[in-house]
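To keep things clear, I will list the structure first and then write my remarks on it.
The values are calculated or read from the model by the stated rules, or taken from the named source; none is laboratory data. Fair warning: this is a prediction, and the values are worked out from it, not measured in the lab. All Cβ positions, even for glycine, are placed from backbone atoms using ideal geometry, and neighbour counts span all protein chains on display.
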Amino acid sequence: MKKLTLIFPMAGQGARFGYRFKPFLELNGRSFIEEAFEPFRQWLPLIDTTYFIFTREQDASHDVRERLSQMFAGVAHDTVLLDAPTEGPAQTLSACLSAKMVEGPIMVCDCDHALDVDALMGASNDAKVECAVPTWDIAGEPLSSWSVASVERDGRIAAVAEKTLPESGDCFRGVIGCYYFADAQLVRACVTDRGMLYLSDVIGRYLRDGRGVYSVPIARARFFGDPARLAQTIGGANAPPR
């Protein structure tokens, strides 16, 4: 398997948690970012570098670089400081790819969930997969909480819609924010050339171009992206990826 670069964008404003710095909020005594990173530890031999992206103001207010150096001692990691928040997560990612001249395969993961990444890492070794998207069974869940993928029988994603079902298809799954892309510079070019704001925009472009975008079903995850989901996870409603 090829080594990849793992990237955690952390420059969000944390509005759903009262504008606190979400990566350093705690779940059962550990920070969100530690929880999100934990499933990747067994895959460290296949991860070249882990990048954490945040703003200079966040670093000054929360001593982010120093705390990360303590949390991830022994892990090959680096940081990217933004002068100001970007207009969207795709631009945050592009800033990292440009600043660090990242090439080859990347994994881009939010810090508000922890999921079993074994199948996702496995998909990164499949030559036909240009983008792998972890998906979740959302039967009975409100669509307003999800981006929704239409998944074909061979696992290929045909369409993605925000907070509603795509117009066609008979298998719909929720999208979890932890994406694999086989070519970092192709992602950067999509964002730069077309002014994209969200990674869903990049995935949409891949779909329009006929690229290989595949669903990776996830059965074990913990979600803590808003107070309600955090409460459910603390109460044991989600399966931990241990």
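Only one of the numbered conditions (1) modelled with pLDDT under 95; (2) within 16 Å of C96 (Cα to Cα) is violated by R30, and that is (2).
Of all the residues in the range 26-38, those that are in contact (Cβ under 8 Å) with a residue 24 or more places away in the chain and over 13 Å from the mean Cα position of the chain (by Cα) number 7. Take the conditions (1) of a type in the set (S, T, Y); (2) farther than 15 Å from P105 by Cβ; (3) under 13 Å from the mean Cα position of the chain (by Cα); T192 misses just one of them, which is (3). Just one residue in the set A114, A123, A119, A127 is out of contact with any Ser or Thr (no Cβ under 8 Å at 6 or more places or on another chain), of a type in the set (A, V, I, L, M) and closer than 18 Å to R229 by Cα; that residue is A114. Looking at T5, T49, T79, just one residue is touching a Pro at 6+ places or on another chain (Cβ under 8 Å), at pLDDT 95 or above and either polar (S, T, N, Q) or farther than 19 Å from L199 by Cβ (or both), and that residue is T5. Only residues that are over 15 Å from S200 (Cβ atoms) and either polar (S, T, N, Q) or part of a loop (DSSP other than H, G, I, E, B) (or both) were counted across the range 88-113, and they come to 9. Apart from one condition, A231 fits all of (1) crowded, with 18+ Cβ neighbours inside 10 Å; (2) under 28 Å from Y19 (Cα atoms); the exception is (1). Residue count for the range 208-222, restricted to those that are of a type in the set (A, V, I, L, M, F, W, C) and surrounded by fewer than 18 Cβ atoms within 10 Å (Cβ to Cβ): 1.
Yes or no, residue by residue, for (1) acidic (D, E); (2) farther than 26 Å from Y51 by Cα; (3) crowded, with 21+ Cβ neighbours inside 10 Å; (4) touching a residue at least 60 places away in the same chain (Cβ under 8 Å):
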{"residue": "A127", "(1), (2), (3), (4)": "no, no, no, no"}
{"residue": "E130", "(1), (2), (3), (4)": "yes, no, no, yes"}
{"residue": "P142", "(1), (2), (3), (4)": "no, yes, no, no"}
{"residue": "V148", "(1), (2), (3), (4)": "no, yes, yes, no"}
{"residue": "A161", "(1), (2), (3), (4)": "no, yes, no, no"}
{"residue": "P166", "(1), (2), (3), (4)": "no, yes, no, no"}
{"residue": "C178", "(1), (2), (3), (4)": "no, no, yes, yes"}
{"residue": "D183", "(1), (2), (3), (4)": "yes, no, no, yes"}
{"residue": "L199", "(1), (2), (3), (4)": "no, no, yes, yes"}
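Scanning the range 1-13 for residues that are over 21 Å from E130 (Cβ atoms) and over 16 Å from the mean Cα position of the chain (by Cα) turns up just one, Q13. If I filter the range 122-153 down to residues being small (G, A, S) and either part of a helix (DSSP H, G or I) or modelled with pLDDT of 95 or more (or both), which single residue comes out as farthest from V108 (Cα to Cα)? Applying the filter and picking the extreme gives S144. Please tell me if F54 is closer than 27 Å to D201 by Cα and part of a helix (DSSP H, G or I). Taking the combined requirement at face value, the residue does not satisfy it.
Okay, residues lined up against (1) surrounded by fewer than 16 Cβ atoms within 10 Å (Cβ to Cβ); (2) in contact with an Asp or Glu (Cβ under 6 Å, 6 or more places away or on another chain); (3) more than 25 Å from W136 (Cβ to Cβ); (4) of a type in the set (A, V, I, L, M, F, W, C):
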residue: F24; (1), (2), (3), (4): no, no, yes, yes
residue: E34; (1), (2), (3), (4): no, no, no, no
residue: P45; (1), (2), (3), (4): yes, no, yes, no
residue: F54; (1), (2), (3), (4): no, no, yes, yes
residue: V75; (1), (2), (3), (4): no, no, yes, yes
residue: P85; (1), (2), (3), (4): yes, no, yes, no
residue: P89; (1), (2), (3), (4): no, no, no, no
residue: A95; (1), (2), (3), (4): no, no, yes, yes
residue: M107; (1), (2), (3), (4): no, no, no, yes
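Residues that are over 15 Å from C96 (Cβ atoms), part of a helix (DSSP H, G or I) and among the aliphatic types (A, V, I, L, M) within the range 57-78 comprise A60, M71, listed in sequence order.
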